[in-house]
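A quick write-up on the structure given underneath.
Only the coordinates and a few stated rules stand behind these numbers; no lab work does. Bear in mind the structure is a predicted one, so any value in this text is a computation, not a measurement. Cβ placement follows ideal geometry from the backbone for every residue including glycine, while neighbour counts extend to all protein chains displayed.
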Amino acid sequence: ALTSKRLFHGKPQLKINGVVYDTHSDFTNVSSTILNLSDRSLHLEPAHPIGVLRKQIEDKLNSTSNSYQYYNDFRPVVTVEENFDSLGFPADHPGRSKSDTYYVNDKYLFRTHTSAHELECFGNIQGFSPRTEKRAPTEKPGFLITADVYRRDEIDRTHYPVFHQMEGARVWKRSSEKSSESHEPLHIQKIRDDLCKLEKQLREESSNLVVEDDKSLESNPKQDYMSDLEVDLCSQHLKRTIELLVAQVFNKKLQSMGSEDQGAQLQVRWIKAYFPWTAPSWEIEVFWKGEWLELCGCGLVREQVLLNAGYEKDSTVGWAFGLGLDRIAMLLFEIPDIRLFWTQDERFHSQFHEGQITRFQPYSKYPGTTRDVAFWLPEQKESSLIHENDIMEIVREEAGDMVESVKLIDQFTHPNSNKKSLCYRINYQSMDRNLTNEEINKIQENVRSQLVQNYKVSLR
Ligand code: FA5
Ligand code: MG
């Protein structure tokens, strides 16, 4: 995969958010694009669509019970341990690969999800953190973490190498003491009470919500340490919490869309899923403009994660979710291209205000231009070292936000030589200004020569 010698000019170290890291030329695959994006913190800007959405969800989730501690300033570089190992990712999980993840070196990476901070925040609830040792316990039995996350990926209007997630979690300490009213253990009574409040709020505020649930635990097994009743109550609390936030966000949008959609149903469905650190697990999808849109993964936290965070065996049950913010914000604010979140153009920023969901008025659609690049891959052994994300990375590095999309438009294998040819179409278009043919030609030339230099392809 791509080595970044060129990007660091042979520097053995890299300074990120004030911390110095050693790099390894054969391991580091962080690009300067990523470095430049890593100190933006869009989710902290009160009038930025991502910031507005974050605040709205935080306020909503804390409106029922004020149970969630906020964490909004975790830095993006974490350890491989935090991002993967502590959550039980197997050694050969594809998410760990260098084609998917930005590594600073073999110990540090740009977090690929906000779950990387679960361990620390679970620890904080009871005043123990694996990194900071003892500290004062937070008063709250839950938390919400919002942060930028990084993934090497394709390039188009809905994919960007940095996006935003909100992690939510909630725990209940088990008790053997029984409630005098219900004769059930106190924590069961507590989960029931919490659930009751949520259900009431959902009924009052979101009577148009239609939920297709999947409660079957077949091929989505519960953990042995939890009772059937605990699994049932915690799962319901998790699902109602997410439904409440989804309903609030999407109903606000329905209302702002005017009278014809008033009273329209809001359809969501639960689908079983798999995550190494939750069991059982689900994803929620919402039906929006004729399509099912995936919003969030979640599940009941595996006890091993709680044990890793310093909890006593059998002491605690709880849930966690990870919600993607960018796609929701695009739909709410009617933002047609994910790159717009990152623009510095005042014509974008002046349109948005704290606490308000307003419709984006495109200021202009500047004309775009396309260029194709076609090449023969090198011999078998070496061609397997090129991942499509590496090609995306080269274009991203040369064109920055002037690239709208990159698509494979043709591939074939020569019948005699057995050599493989690929052709990519690069769509150049700026959100902010007109591009000249000259500058595009120059960028395209750089893309071509970087492909040759890094991957030994033969241009056609
Ligand atoms: C995760 O990242 C898990 N950490 C979620 C989780 C947390 C599960 C806690 C269990 C417990 P996933 O890769 O599916 O899962 O991403 C979660 C959400 O982030 C998705 O549902 C989607 O809304 C959003 N998302 C994922 N990839 C992208 C992308 N490339 N661009 C924009 N949003 C994305
Ligand atoms: Mg997913």
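Figures for the structure shown
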| read-out | value |
| --- | --- |
| Centre separation in Å (Cα based) which lies between segment 140-169 and segment 420-460 | 29 Å |
| Sequence of C423, C234, C298 once ranked by neighbouring C-beta atoms within 10 Å, starting from the fewest | C423, C234, C298 |
| Partner lysines for K253 [C-alpha distance under 28 Å; skip if fewer than 8 residues away on the same chain] | K55, K60, K197, K200, K239, K272, K289, K365 |
| Derived scalar couplings ³J(HN,Hα) [segment 281-288; Karplus, 6.51 cos²θ - 1.76 cosθ + 1.60; whole Hz; x for Gly, Pro] | 9, 9, 10, 10, 10, 10, 8, 9 |
| Antiparallel %, DSSP beta bridges [both residues in the chain], to 5 | 90 percent |
| Folded to 0 to 90 degrees: helix 437-455 orientation relative to the chain principal axis, Cα | 80 degrees |
| Three-way shape label, the chain, alpha-carbon gyration tensor, a/c 1.5 | prolate |
| Helix axis angle, 228-256 relative to the chain longest principal axis, alpha carbon, degrees | 60 degrees |
| Estimated vicinal HN-Hα couplings, Hz - segment 46-57 in sequence order (Karplus 6.51, -1.76, 1.60; Gly, Pro = x) | x, 9, 6, x, 5, x, 4, 5, 3, 4, 4, 6 |
| Order of H414, H387, H187 - criterion: other Cβ atoms within 10 Å of each residue's Cβ, fewest first | H414, H387, H187 |
| Mean Cβ count within 10 Å, highest first, over the residues of peptides 238-246, 43-51, 447-455 | 238-246, 43-51, 447-455 |
| Helical mean residue ellipticity (222 nm; -39500 (n - 2.57) per DSSP H run of 4+; nearest 500) of the chain | -9000 deg cm²/dmol |
| Cross-link partners of K407 among aspartates and glutamates (Cα-Cα below 19 Å; sequence separation of 8 or more within a chain) | D100, D153, E154, D156, D337, D372, E388, D390, E393, E397, E398, E445 |
| Burial ranking of peptide ranges 361-374, 54-67, 151-164 (average Cβ count within 10 Å, highest at the top) | 151-164, 54-67, 361-374 |
